[in-house]
Amino acid sequence: MSNTFEKPILVTSPHLPPLEEFQEYLQDIWESKWLTNNGKYHRALEQALCEYLGVKYISLFSNGTLALLTALQMLRITGEVITTPFSFVATTHALWWNNIKPVFVDIEDQTFNLDPSKIEAAITPKTTALMPVHVYGNPCAVQQLQEIADTYGLKIIYDACHTFGVTINGIPVLNFGDLSVMSFHATKVYNTFEGGAIVCHDAATKKRIDYLKNFGFAGETKVVAPGINAKMNEVQAAMGLLQLKYVDQAIEKRKAIAAAYREGLRQVAGIRVLDDMPGVKHCYAYFPILVDKVVYGMSRDALYEELKRHNVFGRRYFYPLISQFPTYSALESARPGKLPVAEKVTEEVLCLPIYPDLDMRAVTQIVELVKNGDA
Ligand SMILES: *Cc1c(COP(=O)(O)O)cnc(C)c1O
């Protein structure tokens, strides 16, 4: 089979800067022996990211999940939180670890983000916040969500782990809501091996987040909160500074790959691709397609297996839904039939490989494989 790749093509492959450039940072860290606790690279990266992302305050974390946990602690969220079933499990796990009941609400058919029109029906006296996700980096309906939050007195914590540098009409998506949580995990558009951050809008909030991520320490002998250890270390921060040099290039490569996929797949009957949203600058974190079994003549799972036979490893992000995992499936809001759009999308979605080093010829070949189905 000429279309079969010799080496497996995975859904993603981390972007890494030249090793020699990283060694210079390591040399410096070795000499200084300052490895963590708000070191110079940590401070430099916070400043550089504020500038790059166009945000006022950012607090770096060792990973995105600890940042989510801390964001909920920061705002003292309790009771029930309305969230999406269509995300990576960590979004809901963060609620569980804070003893908060997740209430799942369905997603929009166009963006796969939390559907604002279905939120009001799920609000109870116990609801304290919304936790939407900008899925695949596509911004949520931020204005509508804010109106609901304002009307009902709710906080908004965005899981912004898929976004990096995404803007709506020039406004960074991270500036909406009370807090936004980022991940810099190896598989994300911008990585520090592992890493994460909370974006907030005022100095007092940033200060308290910084206490929380360092055991609650507000001075040598003063502890002001039952904090956790979620600090980013100097090696991660140095990697972050170096990665920033290359991230624009990396996003441009992703954009070109997304354009090639769209061009190639748009006319394939039964395959749906997502387009850029008006006024939005995207980061092309993922390339999801939806497979209509009847029209395409093959199910998503069959296509997934067929691609694997050709050494192409897409991923079914997000399948199953978070609400379908045994941990959560007993919840009232998780019951089958309650989340019709999400239940359909999770059966049809497949994310195709997209990463900066992916060869354009490989993209063309993957397009051909999808076009031909099991031919
Ligand atoms: C990656 C991811 C997380 C978790 O981030 P980590 O840095 O891996 O802990 C949370 N939510 C979403 C939507 C993610 O994609």
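The values are calculated or read from the model by the stated rules, or taken from the named source; none is laboratory data. Every value quoted in this text rests on a predicted model; they were computed, and no experiment measured them. Note that we place each Cβ from the backbone using ideal geometry, even for glycine, and neighbour counts take in every protein chain shown. Side chains are part of the model used for accessible areas, which takes the heavy atoms of the whole protein and leaves out ligands, DNA and RNA. Shrake-Rupley method; radii C 1.70, N 1.55, O 1.52, S 1.80 Å.
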Which numbered condition PHE88 misses (of (1) near the ligand (Cβ under 9 Å from one of its atoms); (2) over 15 Å from the mean Cα position of the chain (by Cα); (3) of a type in the set (Phe, Trp, Tyr)): (2)
Test: VAL142 is buried (at least 19 other Cβ atoms within 10 Å of the Cβ) and in contact with an Asp or Glu (Cβ under 8 Å, 6 or more places away or on another chain): no
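Where in region 256-356 are there helices (runs of 4 or more DSSP H), lying fully within it, with 3 or more residues that are of a type outside the set (Phe, Trp, Tyr) and in contact (Cβ under 8 Å) with a residue 40 or more places away in the chain?
Values: elements: 293-296, 300-309, 340-348.
It comes to 300-309, 340-348.
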Lone qualifier among GLU120, GLU6, GLU46 - being open to solvent by 50 Å² or more (accessible area, probe 1.4 Å), of a type outside the set (A, V, I, L, M) and assigned by TED's automatic domain parsing to the domain that holds GLY227: GLU120
Condition check for ASN99: out of contact with any Asp or Glu (no Cβ under 9 Å at 6 or more places or on another chain), open to solvent by 40 Å² or more (accessible area, probe 1.4 Å), more than 30 Å from LYS344 (Cβ to Cβ) and away from the ligand (no atom under 16 Å from the Cβ): yes
In region 50-102, the residues that are within 24 Å of ASN191 (Cα to Cα) and small (Gly, Ala, Ser): GLY54, SER59, SER62, GLY64, ALA67, ALA71, SER87, ALA90, ALA94
Checking GLN143 against (1) free of Cβ contacts under 8 Å to residues at least 24 places away in the same chain; (2) out of contact with any Phe, Trp or Tyr (no Cβ under 9 Å at 6 or more places or on another chain), the condition it does not meet: (2)
Any chance LYS371 is under 25 Å from the mean Cα position of the chain (by Cα) and basic (Lys, Arg): no
For VAL11: the one exception among (1) in contact with a Cys (Cβ under 6 Å, 6 or more places away or on another chain); (2) more than 15 Å from the ligand (Cβ to nearest atom): (2)
Flag if LYS245 is at pLDDT 95 or above and either in a loop (DSSP other than H, G, I, E, B) or buried (at least 19 other Cβ atoms within 10 Å of the Cβ) (or both): no
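With respect to THR78, is the statement that it is surrounded by fewer than 18 Cβ atoms within 10 Å (Cβ to Cβ) and of a type in the set (Val, Ile, Thr) true? It would help to see each step written out before you state the result.
Details: surrounded by fewer than 18 Cβ atoms within 10 Å (Cβ to Cβ): yes; of a type in the set (Val, Ile, Thr): yes.
Yes: the conditions hold for THR78.
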Number of the condition not met by TYR158 [criteria: (1) without any contact (Cβ under 8 Å) to a residue 60 or more places away in the chain; (2) surrounded by fewer than 19 Cβ atoms within 10 Å (Cβ to Cβ); (3) in contact with a His (Cβ under 9 Å, 6 or more places away or on another chain)]: (2)
Subset of region 107-117 that is assigned to a loop (DSSP other than H, G, I, E, B) and surrounded by fewer than 22 Cβ atoms within 10 Å (Cβ to Cβ) - its residue that is nearest to the ligand (Cβ to nearest atom): THR111
